[in-house]
């Protein structure tokens, strides 16, 4: 039972345009969400997070939006750059949990083309 | 330069052999984790440790064992009981597990191939 779903396995975006990566979750107990970025043959690196008390969090070119009623979050990258090409994982933690209860999605591979 | 070191990067073993994956961190983090990544799947938690000499099973602990004798080290042994050991293994650490806004720091992984 996949509680965190990233339904798009891949996404291709032109350099300079906006990249939108989506994530849906089914567990209403999740209240903290994170995005990780992973290059091939490397470990994931933390990108940005959002608490359920917010609906938006911004950090430079990266913005995460949370729609609790729809159990949906998205990561926007504007403008997209070739270095953003990587696999992006969405992850969630329940309000009773800690980092040990982190649940990851299956990832979306973003390719930013010239 | 602080970080998490996993070694080796690639590991090959024959079926039926136990193998130990190394994970060392110099971030002074209390908590350490082992994840497994398979194609088309998210990261799945194998074991985690919140403090020295203590560890807990994750979602897929069967066929694995760990130890946490030192704060800096959290080796993972893949035993012959693990039915599908071929995978990419990721070690991670965090400041503590008591707060959910303590993001994980990952090593660069070990790709284990068992034939």
Given the conditions (1) over 29 Å from residue B:8 (Cβ atoms); (2) more than 10 Å from chain B (Cβ to nearest Cβ), report the number of the one that residue A:2 does not fulfil.
(2)
Within the range A:36-85, how many residues are in contact with a strand residue (DSSP E or B) (Cβ under 7 Å, 6 or more places away or on another chain) and at positive phi?
1
Got at least one residue in the range A:34-54 being exposed (fewer than 13 other Cβ atoms within 10 Å of the Cβ) and closer than 30 Å to residue B:110 by Cβ?
yes
Tell me which of these residue B:76 doesn't satisfy, since it passes every other one: (1) touching a strand residue (DSSP E or B) at 6+ places or on another chain (Cβ under 8 Å); (2) at pLDDT 95 or above; (3) surrounded by fewer than 20 Cβ atoms within 10 Å (Cβ to Cβ); (4) closer than 21 Å to residue A:103 by Cβ.
(3)
Being within 12 Å of chain A (Cβ to nearest Cβ) and either buried (at least 16 other Cβ atoms within 10 Å of the Cβ) or assigned to a strand (DSSP E or B) (or both) is the filter here, so list the residues in the range B:55-71 that pass it.
B:55, B:56, B:57, B:58
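Sort through B:17, B:50, B:6 and tell me the only one that's within 14 Å of chain A (Cβ to nearest Cβ) and either modelled with pLDDT of 95 or more or not in a strand (DSSP E or B) (or both). Walk me through it before giving the result.
Details: B:17 fails: within 14 Å of chain A (Cβ to nearest Cβ); B:50 fails: either modelled with pLDDT of 95 or more or not in a strand (DSSP E or B) (or both).
Of B:17, B:50, B:6, the one residue that is within 14 Å of chain A (Cβ to nearest Cβ) and either modelled with pLDDT of 95 or more or not in a strand (DSSP E or B) (or both) is B:6.
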If you go through the range B:24-39 one residue at a time, do you hit one that is without any contact (Cβ under 8 Å) to a residue 24 or more places away in the chain, surrounded by fewer than 16 Cβ atoms within 10 Å (Cβ to Cβ) and more than 11 Å from every other protein chain (Cβ to nearest Cβ)?
no
Tell me the strands (runs of 3 or more DSSP E) entirely within the range A:15-105 that contain at least 1 residues that are in contact (Cβ under 8 Å) with a residue 40 or more places away in the chain and closer than 27 Å to residue B:8 by Cα.
A:30-38, A:45-51, A:86-94
With the condition kept exactly as written, say whether any residue in the range A:63-85 is within 21 Å of residue B:104 (Cα to Cα), surrounded by 15 or more Cβ atoms within 10 Å (Cβ to Cβ), more than 11 Å from the chain's Cα centre (by Cα) and within 9 Å of chain B (Cβ to nearest Cβ).
no
Taking the range A:1-14 as the region of interest, how many residues are within 17 Å of residue A:94 (Cβ to Cβ) and either at pLDDT 95 or above or assigned to a strand (DSSP E or B) (or both)?
2
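The values are calculated or read from the model by the stated rules, or taken from the named source; none is laboratory data. Predicted model, so just to flag it, every value in this text is computed and none were measured. So basically every Cβ, Gly included, is an ideal-geometry build from the backbone, and we count neighbours across all protein chains shown.
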